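The values are calculated or read from the model by the stated rules, or taken from the named source; none is laboratory data. Please read these numbers as outputs of a predicted model, since none were measured by experiment. Note: ideal-geometry Cβ built from the backbone for every residue, glycine included; neighbour counts use all protein chains shown. For accessibility, only protein heavy atoms count, side chains too; no ligands or nucleic acids. Shrake-Rupley method; radii C 1.70, N 1.55, O 1.52, S 1.80 Å.
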Amino acid sequence: MHLIDFIVFIVFTLGVVVFGCSFFKKGSSADEFTSAGHSIPGWVVGMSIFATYVSSISYIGYPGKAFAADWNAFVFSLSIPIASYFAAKYFVPFYRHSGSVSAYTFLEEKFGAWARLYASACYLLTQIARMGSILYLLAVPMYILMGWNMHTVIILTSIGIIIYSMMGGLKAVIWADAIQGIILIGGALLCLAILMFSMPEGPMQTFELAANSPMGNKFSLGAFTSDLTTSTFWVCLIYGIFINLQNYGIDQNYVQRYHAAKTDKDAKFSALFGGYLFIPVSALFFLIGSALYSYYQAGVAPLPAEIQSKPDYVFPYFIVNGLPVGLRGLLIASIFAAGMSTVSTSVTSAATIILTDYVRPFFLKARNMKDRLTHHNPQDHHKHQKLELAIVRLSSFGVGILGVCVAIAMLSVESIIDAWWTLSSIFSGGMLGLFLLGCIPQKINRLAAFLGCIAGVLVIAWISLAEVWSLPGIHLHPYLAIVLGTTVIFLIGFLATFLIHGTTNNINNE
């Protein structure tokens, strides 16, 4: 690595950590730590939502998928406008006026404490899996660039992210996300321009070679068949709709950002802005993957067989060997920007859930600020606030450590996109179905909702393990775990309510 590249990378990475730590405020409260004092402008919150979407999974995984296959995974992005619309119209006003920073308080009010614990546990598992995936992808370019031990890179990167997340809270995370989002877009645009203008016959050769690949059209969005065992256009679209509705509707990452915005109008704008911006930027990453295929197919530069066999390594390899001095450091910094923003978000939101959904209800016996002010004198209240702040910071550290463990386990996967999408579909636990049950006008029986969740978890387990353990029955693509899990929870919860009501009425009549 050239000294200039190293300086650019180190200055940026350390700069983000220092910038995040600058938001440290002595005497801060746990509520300010988790909601940023409801003081962030809408465009900044929107950039933060966008940066949370564009993790290293997008920055490295999307080009890897387009290089090895096609644009099928881009269909996921096309489902975002549906979720963004519902978020701005329904989810944002609902959460802004709920009075709780936790996304899962609503479920407890509807179905009891078990529902809140079920959803929050699913969320924590999903975030830990996501952190692991992203930390792994942060280590890849440094391994290719300088041969650094990937375990070491994962651990050192995690330390930096955990420090500024613990020090500055959500405000530090959101502002750092906004800056990182701008840098990662600039880095990706520069990289695409260099790839396309390096082609022997000009930029259009990129599209010609990719469209006429021996493996088929590299710009294909997938087969438009009804096959549910492979990643067709429809499987990917349905998966995207369910995942993005879950993201916007019940994901703590997003709910906390709704609360952080200054006004309701700012919060609605942020939901639309962050989601819609991801569509062209994700297309940019897929175009980089197609351009990488054409670049190496045209013989502009050689591509070692060991790199070609691991698609996630191709983009980092190009950055190391195909970019001029200075830009190389900027692109590596961009990848770190994407990853750091998402991991810091997951750390902060997971720590918030641990405080609001586990520690307060079961250990501190105080649900909200009003309760604490009512039952404590000012001195006791101050001590209580310090204790909560210490707990949320300690939780940030613990969640970060678990993310490191998952990242090390991820070192053996072949495609990080496939691994992450499969894990997110499984760990989400169909909690969107439970949320939808709570939103409909019909009052759902608590026992019926519980039975729906049990059935949904069994379906998800069957889909996830059917192929691995050769279980009998129809095998479906793992992406559909969230789709069927959500549907089963909703339908059984809804139908069982009528059965339970009918049985109760019959007993009463007798």
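Some points to look at:
- Pairs with Cβ under 6 Å, 6+ apart, first in segment 431-446 and at pLDDT 85 or above, second open to solvent by 70 Å² or more (accessible area, probe 1.4 Å): 438/110
- Among the candidates 215, 166, residue that is buried (at least 23 other Cβ atoms within 10 Å of the Cβ), at negative phi and of a type in the set (A, V, I, L, M): 166
- Out of 10, 40, 80, one residue alone is at pLDDT 80 or above, surrounded by fewer than 16 Cβ atoms within 10 Å (Cβ to Cβ) and of a type outside the set (Ser, Thr, Tyr). It is 10.
- Every test in (1) under 30 Å from residue 407 (Cβ atoms); (2) open to solvent by 10 Å² or more (accessible area, probe 1.4 Å); (3) part of a helix (DSSP H, G or I) is passed by residue 70 save one, and that test is (3).
- Put simply, of 100, 22, 29, 58 the only residue that is polar (S, T, N, Q) and open to solvent by 50 Å² or more (accessible area, probe 1.4 Å) is 22.
- Residues in segment 296-346 that are among the small types (Gly, Ala, Ser) and in a loop (DSSP other than H, G, I, E, B): 5 in all.
- Residue under evaluation residue 221, criteria (1) open to solvent by 30 Å² or more (accessible area, probe 1.4 Å); (2) free of Cβ contacts under 8 Å to residues at least 40 places away in the same chain, criterion not met: (2)
- Residue check: residue 261 meets all listed conditions (1) in contact (Cβ under 8 Å) with a residue 60 or more places away in the chain; (2) in contact with a helix residue (DSSP H, G or I) (Cβ under 6 Å, 6 or more places away or on another chain); (3) open to solvent by 10 Å² or more (accessible area, probe 1.4 Å) but one, namely (3).
The rows are residues; the columns are (1) at pLDDT below 85; (2) surrounded by fewer than 24 Cβ atoms within 10 Å (Cβ to Cβ); (3) out of contact with any helix residue (DSSP H, G or I) (no Cβ under 7 Å at 6 or more places or on another chain); (4) among the charged types (D, E, K, R).
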position: 292; (1), (2), (3), (4): no, no, no, no
position: 302; (1), (2), (3), (4): no, yes, yes, no
position: 315; (1), (2), (3), (4): no, no, no, no
position: 326; (1), (2), (3), (4): yes, yes, no, no
position: 335; (1), (2), (3), (4): yes, no, no, no
position: 348; (1), (2), (3), (4): no, no, no, no
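- Some residue of segment 251-265 being farther than 18 Å from residue 80 by Cβ and basic (Lys, Arg): yes
- Checking the stated criteria, residue 221 turns out not to satisfy the condition of being part of a helix (DSSP H, G or I) and either in contact with a helix residue (DSSP H, G or I) (Cβ under 6 Å, 6 or more places away or on another chain) or at pLDDT 85 or above (or both).
- Scanning segment 224-257 for residues that are assigned to a loop (DSSP other than H, G, I, E, B) and out of contact with any Gly (no Cβ under 7 Å at 6 or more places or on another chain) returns 224, 225, 226, 227, 228, 229, 230, 251.
- Every pair of residues 6+ apart whose Cβ atoms lie under 7 Å, when the first sits in segment 97-113 and is under 20 Å from residue 38 (Cα atoms) and modelled with pLDDT of 85 or more while the second is of a type in the set (Ser, Thr, Tyr) and open to solvent by less than 10 Å² (accessible area, probe 1.4 Å): 104/120
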